[in-house]
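Each remark here refers to the structure printed beneath this line.
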Amino acid sequence: MKAYLFAVLLLLAIFVPIAGYKFFQFSALSNASFERPPITVAADIAKEENWEEHLDAIGTIRAVRGINLTSEESGEIIRINFRSGEKVKKDQLLVVLNDRVEVARRESQKATLELAQIQFDRNKKLIRQNSISEADYDRARADLERAQADLAETDAVLANKRIRAPFAGTTGILQVELGDYVSPGDVLASLQDLSELEIDFTLPAQKAPLLKAGQRIALSVDAFPERTFEARLVAIDSQIDPNTRNLMARAEIESGKGLLPGMFAYLKLFPGISFDLVTVPQTAVSYSLHGNIVHLLEPEENQTRLAKAIVVTTGDTRDGRTRIISGIESGDQVVTAGQNKLYRGARVVVDENVAF
């Protein structure tokens, strides 16, 4: 029995390794004869383009004429002649403060002025006749001038209690109500002339030589992501900010319909410099831990291509195309869709009609 068991074990020890080796050899031959089918991708050609240089900046839109309407006098509001968001004309009466005391005072001062004028005219005749002294004449003249000044002061207070629009524009949200008591400096509402808008922005000091009045600016805001507004550089500050080392500049917005003061805006300023460069579709660039990658297609037989991952240095992106600083040359064919299916040494076929 022991001899039989020993014989069986001996046979297994001989034939199992042989069978395993043969199976491995068969599998290797099968894998060698198996070829993966090519992967379908979309592709495009890297091309040389001429791009105009631009400087990026950010700023806040403001009205050329925009103020907070405030009162210069204190008093109770007895009349409001406008509504929030209403368009008003220049010199339109907007708010009236209680002026009964000033009106009564003016009547008294007017009477005093008339009396002072009569006394002065009388003394003027008498001084010519040497019937009064120079001191009496000077006193009468001083009384007249004092009465005129008092009346002018009251007229100024009355004018200040009638708050008018200094220019045509659109009012903001009313901050007060009828019957409110206001003090000098209290804000009643904002007034903005939306027909003329401008934007202040800053650029690094080293960009100063590129700035010239009249340069074109493209402007965009988050409120209108599909629109581009036009502006022109109109002023450059005469000094650099010593704290930030930035230079302030101002642009006039030429087509600002829909824009409002206070909006945050992105600017592209074009200094009139252009250069040639290589670009690829934005979708051709993949981002990985190793850097930016573009899959270059090298020609093979039977209309297939070999995909090769190339690490590239990229620049900015405009209108769906990305600048390639190094790694790809003009005329190279690159993958624009289907990169997620590629692997090292993958063979591909290009089909622009397949949806990815």
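For the reader, a short list of remarks on this structure follows.
- Inter-residue pairs, beta-carbon under 6 Å, first in the same structural domain as Thr279 (by TED's automatic domain parsing) and surrounded by 14 or more Cβ atoms within 10 Å (Cβ to Cβ) and in region 326-345, second part of a loop (DSSP other than H, G, I, E, B) and small (Gly, Ala, Ser), 6+ apart: Ile328/Ala46; Ser330/Ala46; Asp332/Ala46; Val334/Ala46
- Contact annotation: residue pairs with Cβ atoms under 7 Å, 6 or more positions apart or on different chains, pairing a residue in region 37-64 that is under 30 Å from Met248 (Cα atoms) with a partner that is surrounded by fewer than 19 Cβ atoms within 10 Å (Cβ to Cβ) and of a type in the set (S, T, N, Q), are Asn50/Ser274; Trp51/Ser274; Glu52/Ser274; Glu53/Ser274; Ala57/Thr202.
- Cβ-Cβ under 7 Å pairs, at least 6 apart or on other chains, region 181-196 side within 19 Å of Glu72 (Cα to Cα), far side among the charged types (D, E, K, R) and part of a loop (DSSP other than H, G, I, E, B): Pro184/Glu72; Pro184/Glu73
- For region 256-272, a residue qualifies if it is in a loop (DSSP other than H, G, I, E, B) and in contact (Cβ under 8 Å) with a residue 24 or more places away in the chain, and the qualifying residues are Gly256, Gly258, Leu259, Leu260, Pro261, Gly262, Met263, Pro271, Gly272.
- Test result for Leu259, more than 22 Å from Arg36 (Cα to Cα), of a type in the set (A, V, I, L, M, F, W, C) and out of contact with any Asp or Glu (no Cβ under 9 Å at 6 or more places or on another chain): yes
- Near pairs, Cβ below 7 angstrom, 6+ apart or cross-chain, from region 221-250 (in contact (Cβ under 8 Å) with a residue 40 or more places away in the chain and of a type outside the set (Ser, Thr, Tyr)) to any residue that is surrounded by 14 or more Cβ atoms within 10 Å (Cβ to Cβ) and assigned to a loop (DSSP other than H, G, I, E, B): Val221/Leu259; Val221/Met263; Ala223/Met263; Ala249/Leu211
- Residues of region 217-243 that are surrounded by 14 or more Cβ atoms within 10 Å (Cβ to Cβ) and either farther than 23 Å from Leu260 by Cβ or in contact with a helix residue (DSSP H, G or I) (Cβ under 9 Å, 6 or more places away or on another chain) (or both): Ile236, Asp237, Ile240.
- Residue selected from region 144-169 under the condition touching an Asp or Glu at 6+ places or on another chain (Cβ under 7 Å) and not hydrophobic (A, V, I, L, M, F, W, C), by the criterion nearest to Gln119 (Cα to Cα): Thr154
- Counting only strands (runs of 3 or more DSSP E) that fall entirely inside region 126-228 and contain at least 2 residues that are among the charged types (D, E, K, R), the qualifying elements are 162-164, 197-204.
- Contacts under 7 angstrom Cβ, first residue in region 144-158 being polar (S, T, N, Q), partner assigned to a helix (DSSP H, G or I), 6 or more apart: Gln148/Leu113; Thr154/Glu102; Thr154/Arg105; Thr154/Arg106; Thr154/Gln109
- Phe275 being among the aromatic types (Phe, Trp, Tyr), in contact with a strand residue (DSSP E or B) (Cβ under 7 Å, 6 or more places away or on another chain) and either buried (at least 17 other Cβ atoms within 10 Å of the Cβ) or assigned to a loop (DSSP other than H, G, I, E, B) (or both): no
- Wholly enclosed strands (runs of 3 or more DSSP E) of region 32-123 bearing at least 2 residues surrounded by 12 or more Cβ atoms within 10 Å (Cβ to Cβ) and over 34 Å from the mean Cα position of the chain (by Cα): 39-45, 75-80, 93-97
- Per the conditions (1) in contact with a Lys or Arg (Cβ under 9 Å, 6 or more places away or on another chain); (2) modelled with pLDDT of 95 or more, the sole criterion not satisfied by Phe120 is (2).
- Criterion applied to Ile78, Ile67, Ile45 was being within 30 Å of Leu267 (Cα to Cα) and touching a strand residue (DSSP E or B) at 6+ places or on another chain (Cβ under 9 Å), and the one residue passing it is Ile67.
- Counting only strands (runs of 3 or more DSSP E) wholly contained in region 285-356, the ones carrying 1 or more residues that are under 30 Å from Leu55 (Cα atoms) and modelled with pLDDT of 85 or more occupy 285-288, 291-299, 305-318, 321-326, 333-337.
The values are calculated or read from the model by the stated rules, or taken from the named source; none is laboratory data. Just so you know, these numbers come straight off a predicted model, no measurement behind them. Backbone-built Cβ (ideal geometry, glycine too); neighbour counts: all protein chains shown.
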